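One structure below.
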Amino acid sequence: MRTVKIVYWHESDGFWLGYLQNHPDYFTQGETLDELKENLKDIFK
């Protein structure tokens, strides 16, 4: 199993933003933290 670190934060407009630490050029967002994590999984694949 490979460990992937993510960087994320909650914006004042209610969205969660984040990226994979090894790929900081690929940002994504989600309305919830779980949605953000799913979007990040898609980027990783």
**Q.** Qualifying residue in segment 22-36 (condition: surrounded by 12 or more Cβ atoms within 10 Å (Cβ to Cβ) and touching a His at 6+ places or on another chain (Cβ under 6 Å))
**A.** no
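Please pick out the residue among 15, 44 that is of a type in the set (Phe, Trp, Tyr) and at pLDDT below 95.
Result of the check over 15, 44: 44.
The values are calculated or read from the model by the stated rules, or taken from the named source; none is laboratory data. Because the structure is predicted, anything quoted here is derived from the model rather than measured. Cβ atoms come from the backbone with ideal geometry, glycine included; neighbour counts cover every protein chain shown.
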